[in-house]
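The structure under discussion appears below in the form of structure tokens.
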Amino acid sequence: MSILELQNVRKIYGEKENQVKALQNVNMQVEEGEFVAIVGTSGSGKSTLLNLIGGLDNPTQGKIFIKNREIGSLSRKELTIFRRRNIGFVFQNYSLMPVLNVYDNVALPITFDRGKHINHKYIEELLRELGLWEKRKKYPNELSGGQQQRVAIARALVNKPAILLCDEPTGNLDSATTIEVMGLLKSSCRKYKQTILMVTHNEAIAQTCDRVIHIEDGEILTGKRSFQAKGGEQS
Ligand SMILES: Nc1ncnc2c1ncn2[C@@H]1O[C@H](COP(=O)(O)OP(=O)(O)OP(=O)(O)O)[C@@H](O)[C@H]1O
Ligand SMILES: [Mg+2]
């Protein structure tokens, strides 16, 4: 089985006349080690899709399997642990803890996971690789946007998650930093055989991924290996 599989997933927000059909009949499979870009216009359902896959919200209908576990069948507590051990998140707005320095922000997910030992060597390796080692004692408000995003990526990688979910990770970055962040995600994907799903508005960046999934009005238009224009052959 694929590392990730969605079966007939639908997500409806709101009630009655306020209903929004954010996702409709989404079926997809992602293989271990794949780097998948998710593109689509604003409001098409991209963030909703990542939130459901990450177990941050429940689908209205359908099933999501990660590593052969149906995440909807897990209790709240099991889901929290499963998520912490298997899934990393990177958001556009960094979501760092302002009262923690760079090092402690990165170590945070491990600190939460009692019983897990903090691998300081790995944190140092990550911070060095991301060019953040010199900044390890700085606080988020002392860093540039690109630096903050790299801290957020280091934090998402610290548990070596099987699946990394990135919502516009380069949305606020200049083009040089974007290239840097993309390179980092790719090398991490290869090195740790990670599966990455990345939402992006940038078609050129999407083209550098293994596969592009195009989503429009809550439906997947194409999941082919090379990008197809809207209205192209469905898969
Ligand atoms: N919590 C919510 N309650 C009600 N409607 C929501 C909620 N979250 C999202 N929506 C609606 O669901 C649809 C899909 O939203 P979503 O955030 O997934 O889009 P998106 O593709 O990520 O857009 P963007 O590119 O602007 O980030 C939109 O119509 C949005 O207004
Ligand atoms: Mg979004």
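The values are calculated or read from the model by the stated rules, or taken from the named source; none is laboratory data. Since this is a predicted model, take the numbers as computed values, not measurements. Cβ atoms come from the backbone with ideal geometry, glycine included; neighbour counts cover every protein chain shown. Areas reflect the complete protein model, heavy atoms only, side chains present, ligands, DNA and RNA absent. Shrake-Rupley method; radii C 1.70, N 1.55, O 1.52, S 1.80 Å.
Values computed for the structure shown
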| quantity | calculated |
| --- | --- |
| Residue tally, condition open to solvent by less than 40 Å² (accessible area, probe 1.4 Å), more than 16 Å from ligand 2 (Cβ to nearest atom), of a type outside the set (Gly, Ala, Ser) and under 18 Å from residue 211 (Cα atoms), over the range 1-35 | 8 |
| Check on residue 41, touching a residue at least 12 places away in the same chain (Cβ under 8 Å) and either surrounded by fewer than 18 Cβ atoms within 10 Å (Cβ to Cβ) or of a type in the set (Val, Ile, Thr) (or both) | yes |
| Cβ pairs under 6 Å, 6+ apart, first in the range 3-30 and more than 11 Å from residue 218 (Cβ to Cβ) and without any contact (Cβ under 8 Å) to a residue 24 or more places away in the chain, second open to solvent by 20 Å² or more (accessible area, probe 1.4 Å) and within 16 Å of ligand 1 (Cβ to nearest atom) | 14/20; 19/12 |
| Boolean, residue 171 is of a type in the set (Gly, Ala, Ser) and within 16 Å of ligand 1 (Cβ to nearest atom) | yes |
| Single residue of the range 97-108 satisfying the filter (of a type in the set (A, V, I, L, M) and open to solvent by 50 Å² or more (accessible area, probe 1.4 Å)) that is farthest from residue 32 (Cα to Cα) | 99 |
| Number of positions in the range 73-96 that are open to solvent by less than 60 Å² (accessible area, probe 1.4 Å) and in a helix (DSSP H, G or I) | 5 |
| Some residue of the range 97-110 being in contact with a strand residue (DSSP E or B) (Cβ under 7 Å, 6 or more places away or on another chain) and in a helix (DSSP H, G or I) | no |
| Residue tally, condition within 16 Å of ligand 1 (Cβ to nearest atom) and at pLDDT 90 or above, over the range 77-111 | 1 |
| Residue under evaluation residue 47, criteria (1) hydroxyl-bearing (Ser, Thr, Tyr); (2) more than 16 Å from the chain's Cα centre (by Cα); (3) within 15 Å of ligand 1 (Cβ to nearest atom), criterion not met | (2) |
| Strands (runs of 3 or more DSSP E) contained entirely in the range 128-223, each with at least 1 residues that are at pLDDT below 90 and open to solvent by less than 30 Å² (accessible area, probe 1.4 Å) | 219-222 |
